[in-house]
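Student: Got a structure here, written out as structure tokens. Questions coming.
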Amino acid sequence: MTITKEQVLQALSNVEEPDLKKDLVTLNMIQDIYIEGNRVSFSVILTTPACPLKAMIENACRNAILYLVSKDVEVHINMNSSVTTQKNTGVPRVKNIIAVASGKGGVGKSTVAVNLALALAKTGAKVGLIDADIYGPSIPIMFGLEGERPKARDVDGKTWIKPIEKYGIKLLSIGFLTNPNQPVPWRGPMVSTAIKQLFNDADWGEIDYMVVDLPPGTGDIHLTLTQTFPITGAVIVTTPQNVALSDATKAIEMFKMSAINVPILGVVENMSYFTPAEMPENKYYVFGQGGGQKLANQLEVPFLGEIPIIKSISDSGDAGAPIVLEDDNVVAKAFVEMAKSIAQQIAICNAYALDSKKLVNV
């Protein structure tokens, strides 16, 4: 039996991308088909290296060839990825900007932002992290980089800041540029200028996901970011208490305002429950249960998961080695699953936005 490229494509056209609801061939996700005798090889180009459905898609492709072409075919599949983007982010070679926000302080927003960035990098993505909390930068401490200063280089009369690199991601924070023991008594215009410089005056290189740790609330920095740079989506961090949920609702509604119009990638509930180290199977919901899920349901946005309250999370951040770096840690795995869900939501947002643009252009 002679196997043809057309037969392979026909078989794979029966495999649907679960999130995008179209087949892999229509989505141009099948590349590099090579046939030699009864050996068939090809590449599947996923929309993100953090795809949570990778194994399922690979298995579906293999079965399609075996059932629809020949059960005697030797199938070799190379699972690759190319992170999607829907628009010019305003920062050269940066594909997606993720805003991590909260309605109030003290909910662990920076912890979520840091571990999200590192989790995305663990999947193979190119990641940047900007600490946009001008008045209370925490990234230098959480990465063990207190006292570090980024280098600069001049190109054609313009000075470029070189982000600091650690644990496989690129970092910038106002904390790298100011005295850590001195407050930053800046008015709104100065803050807005500083935020823009972290984006525009840095040599970021190729970035798949730029994670931005915003300050709590809904102030100048949020407006500067959303009105200057097209944001791919926002992640809202809350805790289970009613007061935190109320403030998280305000943050979500701000991003939904017509003048801002940033998609909500989902809600993360931090400090969800306590699990004693000696009884890892027990969960104690000391601040209430299900608040984040209820909020997501009410506002019709995705719920991205629960992060427990465990001392090792804060200890690892204080030590400059965030917990997601610990491969066998249960909490680290929770952060990785959260990151995969966020990458999944970004791919869906990008696909729908591109489809809308095509419809507009018809």
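Student: Quick one: count up the residues across region 124-161 that are out of contact with any Pro (no Cβ under 7 Å at 6 or more places or on another chain), hydrophobic (A, V, I, L, M, F, W, C) and part of a strand (DSSP E or B).
Tutor: Matching residues across region 124-161 total 6.
Student: Test N63 against the stated conditions and say whether it is part of a helix (DSSP H, G or I) and surrounded by fewer than 16 Cβ atoms within 10 Å (Cβ to Cβ).
Tutor: When the stated conditions are applied, N63 passes them.
Student: Something else: Condition first: exposed (fewer than 14 other Cβ atoms within 10 Å of the Cβ) and modelled with pLDDT of 90 or more. Now tell me which residues in region 180-200 satisfy that.
Tutor: none
Student: Report, by residue number, each residue of region 125-151 that is among the charged types (D, E, K, R) and buried (at least 17 other Cβ atoms within 10 Å of the Cβ).
Tutor: K126, D131, D133, listed by residue number.
Student: Count, please, the residues in region 242-260 that happen to be of a type in the set (A, V, I, L, M, F, W, C), exposed (fewer than 14 other Cβ atoms within 10 Å of the Cβ) and free of Cβ contacts under 8 Å to residues at least 40 places away in the same chain.
Tutor: Qualifying residue count, region 242-260: 2.
Student: Based on this model, can you work out whether I77 counts as of a type in the set (A, V, I, L, M, F, W, C) and without any contact (Cβ under 8 Å) to a residue 40 or more places away in the chain? Before the answer, list the steps.
Tutor: Working: of a type in the set (A, V, I, L, M, F, W, C): yes; without any contact (Cβ under 8 Å) to a residue 40 or more places away in the chain: yes.
When the stated conditions are applied, I77 passes them.
Student: I'm told T275 meets every condition in (1) loosely packed, with under 15 Cβ neighbours inside 10 Å; (2) over 17 Å from P216 (Cα atoms) except one. Can you identify the failing condition by its number?
Tutor: Result: T275 fails condition (1) only.
Student: I'd like the full set of residues that are modelled with pLDDT of 85 or more and either over 17 Å from G108 (Cα atoms) or among the polar types (S, T, N, Q) (or both), limited to region 260-282.
Tutor: If the condition is that a residue be modelled with pLDDT of 85 or more and either over 17 Å from G108 (Cα atoms) or among the polar types (S, T, N, Q) (or both), then I260, N261, V262, P263, I264, L265, N270, S272 are the ones that fit.
Student: Now, a different point. Check region 60-76 and report whether any residue there is within 27 Å of S341 (Cα to Cα), in contact with a Ser or Thr (Cβ under 8 Å, 6 or more places away or on another chain) and among the hydrophobic types (A, V, I, L, M, F, W, C).
Tutor: No, there is no match, as no residue in region 60-76 is within 27 Å of S341 (Cα to Cα), in contact with a Ser or Thr (Cβ under 8 Å, 6 or more places away or on another chain) and among the hydrophobic types (A, V, I, L, M, F, W, C).
Student: Condition check: touching a Cys at 6+ places or on another chain (Cβ under 9 Å), buried (at least 16 other Cβ atoms within 10 Å of the Cβ) and not polar (S, T, N, Q). Does P263 satisfy that?
Tutor: Values: touching a Cys at 6+ places or on another chain (Cβ under 9 Å): yes; buried (at least 16 other Cβ atoms within 10 Å of the Cβ): yes; not polar (S, T, N, Q): yes.
Criteria met by P263.
Student: Hey, can you tell me all the residues within region 283-304 that are touching a residue at least 12 places away in the same chain (Cβ under 8 Å), open to solvent by 80 Å² or more (accessible area, probe 1.4 Å) and under 16 Å from Q345 (Cβ atoms)?
Tutor: Selection gives nothing.
Student: I've got another one for you. Condition first: hydrophobic (A, V, I, L, M, F, W, C), assigned to a strand (DSSP E or B) and farther than 18 Å from C349 by Cα. Now tell me which residues in region 1-47 satisfy that. So that I can check it myself, show each step before the final result.
Tutor: First, the residues of region 1-47 that are hydrophobic (A, V, I, L, M, F, W, C): 1, 3, 8-9, 11-12, 15, 20, 24-25, 27, 29-30, 33, 35, 40, 42, 44-46.
Those still in the list that are assigned to a strand (DSSP E or B) too: 30, 33, 35, 40, 42, 44-46.
Within region 1-47, I30, I33, I35, V40, F42, V44 qualify.
Student: Only one of these conditions is not met by I207: (1) at pLDDT 90 or above; (2) touching a Lys or Arg at 6+ places or on another chain (Cβ under 6 Å); (3) open to solvent by 10 Å² or more (accessible area, probe 1.4 Å); (4) closer than 30 Å to V330 by Cβ. Which number is it?
Tutor: For I207, the failing item is (3).
Student: Give the number of residues within region 104-122 that are among the polar types (S, T, N, Q) and more than 11 Å from the chain's Cα centre (by Cα).
Tutor: 2
Student: Moving on to the next point. Looking at region 162-182 only, could you name the residues that are part of a strand (DSSP E or B) and in contact with a strand residue (DSSP E or B) (Cβ under 9 Å, 6 or more places away or on another chain)?
Tutor: Listed by number, the residues that qualify are K162, I164, E165, I169, K170, L171, L172, S173.
Student: Right, another one. P92 fails exactly one of the following numbered conditions: (1) of a type outside the set (S, T, Y); (2) part of a strand (DSSP E or B); (3) more than 30 Å from N270 (Cα to Cα). What is the number of that condition?
Tutor: (2)
Student: Can you confirm whether region 314-328 contains a residue that is of a type in the set (D, E) and surrounded by 16 or more Cβ atoms within 10 Å (Cβ to Cβ)? Spell out the reasoning first.
Tutor: Within region 314-328, the first condition is being of a type in the set (D, E), and the residues that meet it are 315, 318, 326-328.
After this cut, where a residue has to be surrounded by 16 or more Cβ atoms within 10 Å (Cβ to Cβ) as well, the list is none.
No; the residues of region 314-328 include none that is of a type in the set (D, E) and surrounded by 16 or more Cβ atoms within 10 Å (Cβ to Cβ).
Student: Select, from K158, K122, the only residue that is out of contact with any Ser or Thr (no Cβ under 6 Å at 6 or more places or on another chain), under 24 Å from D327 (Cβ atoms) and open to solvent by 40 Å² or more (accessible area, probe 1.4 Å).
Tutor: Numbers: K158 fails: under 24 Å from D327 (Cβ atoms).
On inspection, the qualifying residue turns out to be K122.
The values are calculated or read from the model by the stated rules, or taken from the named source; none is laboratory data. Keep in mind the model is a prediction, meaning the values are calculated, not measured. Every residue, glycine among them, receives a Cβ derived from its backbone with ideal geometry; neighbour counts consider all protein chains shown. With ligands, DNA and RNA removed, areas are computed over all heavy atoms of the protein, side chains included. Shrake-Rupley method; radii C 1.70, N 1.55, O 1.52, S 1.80 Å.
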